[in-house]
Amino acid sequence: MKEKLKQISEEALRAIEQATDASLEQIKIRYLGKKGELTAVLRGMGALSPEERPKIGQLANEVREKIEGAIAKKVQETQAKAMELKLKAEKIDVTMPGTALPAGHIHPLTSVQRELENIFIGMGFEVVEGPEVELDYYNFQALNIPENHPARDTQDTFYITDKILLRSPTSPVQVRTMEHRKPPIRIISPGRVYRSDALDSTHSPLFHQLEGLVVDKGITMGDLKGTLETFAKKMFGENTRIRFRPHHFPFTEPSAEVDASCFVCGGKGCRLCKGEGWIEILGAGMVHPFVLSNCGIDPEEYSGFAFGLGIERITMISRGIDDIRLFYENDQRFLDQF
């Protein structure tokens, strides 16, 4: 039995020395498992004399410990070798040039909004923002829009409750500003607005506006015209001209639609301006005295002008885009052009 244990020890150690990481478990089962060779030898110890059993038992334990130690050492060696090979394979050459990744860029709407903001900031305006979920009072009543006005209809406005809605213009920002500030006031309020419009090439239930407000002593229609002329020249080119057409807005009096001469044909008529030579760009007017009074400003002492433009419309005109839906579909082919 001593010879058998010695033979098992020598065979196991030799097999472990030649083994790979994958075969070590099989070797362990073959020699040390429940049905392994060492276990089979130990089962024959019942035939030994009482004097021989402790000696053979001690020898068997020494063989088991020797095999287990050799397996553990081999596992450690193979793991260290595998790690060394992995580190060599993953070695980074810091002198190699990096992989160029495509850089993102500004969305055309954001780009144009920043351009508009910079134009008006250059004229002394301050950018002011307000909530998109608005009270009926600020969205309509304070702006001199009566209860029976079509703009209040649920077909045009997204109501949350009878008195809370998604703002339809950014004009409530102007009202909130006039309530908390004394003139002089010179602000613009860009942001998202919501209208219950069917989605098509020129309409969207969500779009962006930029509105402006100036309130001070002695403000006239001439100041409005000069401000908008400066804006149009900076936005569309120095040769751009503007014209006012009479219109009606509840919150301004007098009110006007403002057109800019076509920056493509210079007013001669082309496909962009549909042969008219002019492109409608915004609405404007002198702040209605009722609106000033609603905000705690004396219309006998102060006057002001306001204007509002659609950022999508300005972007479509200036960038040659013919479908508003392209701004929101995230088509990479469209976005890559900008």
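Bear in mind that the values in this text are calculations on the coordinates, not laboratory data. Since the model is a prediction, treat every value here as computed from it, not as a measurement. Every residue, glycine among them, receives a Cβ derived from its backbone with ideal geometry; neighbour counts consider all protein chains shown.
Computed over the Cα atoms of the chain, what is the convex hull's projected area averaged over all directions, in nm²?
Details: hull surface 137.3 nm².
Quarter of the Cα hull surface area: 34.3 nm².
Looking at the chain, which Cys residues are left with no other cysteine's beta carbon under 4.7 Å from theirs?
Flagged as lacking a Cys partner: 295.
Kindly identify segment 196-264 as rounded, prolate or oblate by the Cα gyration tensor criterion: order the square roots of the eigenvalues as a ≥ b ≥ c, call it rounded if a/c is under 1.5, otherwise compare a/b with b/c, prolate if a/b is larger, else oblate. Working shown, then result.
Working: a/c = 2.01, a/b = 1.24, b/c = 1.62.
It comes out oblate by the Cα gyration axes.
Which of the lysines could a cross-linker span from residue 91 if the Cα-Cα distance has to be under 26 Å and same-chain partners fewer than 8 positions apart are dropped?
Of all the lysines, those that pass the test against residue 91 - Cα under 26 Å, at least 8 places apart if same chain - are 74, 81.
I'd like to know which of 266, 199, 213 lies farthest towards the positive end of the charge dipole of segment 195-338, counting +1 on Cβ of Lys and Arg and -1 on Cβ of Asp and Glu.
266
About its Cα centre, how strong a charge dipole does segment 68-111 have in debye, to the nearest 20, once Lys and Arg get +1 and Asp and Glu get -1 at the Cβ? Walk me through the numbers on the way to the answer.
Working: 6 positive and 5 negative charges, 25 e Å.
Charge dipole of segment 68-111: 120 debye, to the nearest 20.
For the chain, what does the helix formula give at 222 nm: sum of -39500 (n - 2.57) over DSSP H segments with n ≥ 4, over the residue count, nearest 500 deg cm²/dmol? Numbers along the way, then the final one.
Numbers: 11 runs with 134 residues, N = 338.
My calculation for the chain gives -12500 deg cm²/dmol from helical runs alone.
Compare the Cα positions of 165, 140, 178 along the charge dipole of segment 130-190 (+1 at Cβ of Lys, Arg; -1 at Cβ of Asp, Glu; about the Cα centre) and return the one farthest towards the positive end.
About the Cα centre, the residue reaching furthest to the positive side is 178.
Measure out, as a whole number of angstrom, how far apart the alpha-carbon centroids of segment 270-287 and segment 134-165 sit.
Between the Cα centre of segment 270-287 and that of segment 134-165, the gap is 28 Å.
Mind ranking 139-145, 59-65 by how tightly packed they are, going by the mean number of other C-beta atoms within 10 angstrom, highest first? Provide the component values of the computation, followed by the final result.
Values: 139-145: 21.4, 59-65: 16.0.
Taking the mean over residues of other Cβ atoms within 10 Å, the ranking is 139-145, 59-65.
Would you look at the GNM of the chain, springs on alpha carbons closer than 10 Å, and say which of 177, 252, 95 moves the most?
95
Between 94, 258, 291, which gets the highest mean-square fluctuation from a Gaussian network model of the chain, Cα cutoff 10 Å?
With Cα springs under 10 Å in the chain, the top fluctuation among 94, 258, 291 is at 94.
What is the dipole size for the chain, taken about its Cα centre, with +1 at each Lys and Arg Cβ and -1 at each Asp and Glu Cβ, in debye to the nearest 20? Please list the in-between numbers first.
Working: 43 positive and 49 negative charges, 408 e Å.
Charge dipole, the chain, about its Cα centre: 1960 debye, nearest 20.
Report the label-to-label distance for residue 180 and residue 153 in nanometres (one decimal), using points 7 Å from each Cα along the Cα→Cβ vector.
3.5
Mind giving me the nanometre distance, one decimal, between the label points for residue 300 and residue 319, set 7 Å out from Cα along Cα→Cβ?
About 5.0 nm separates the two model spin labels.
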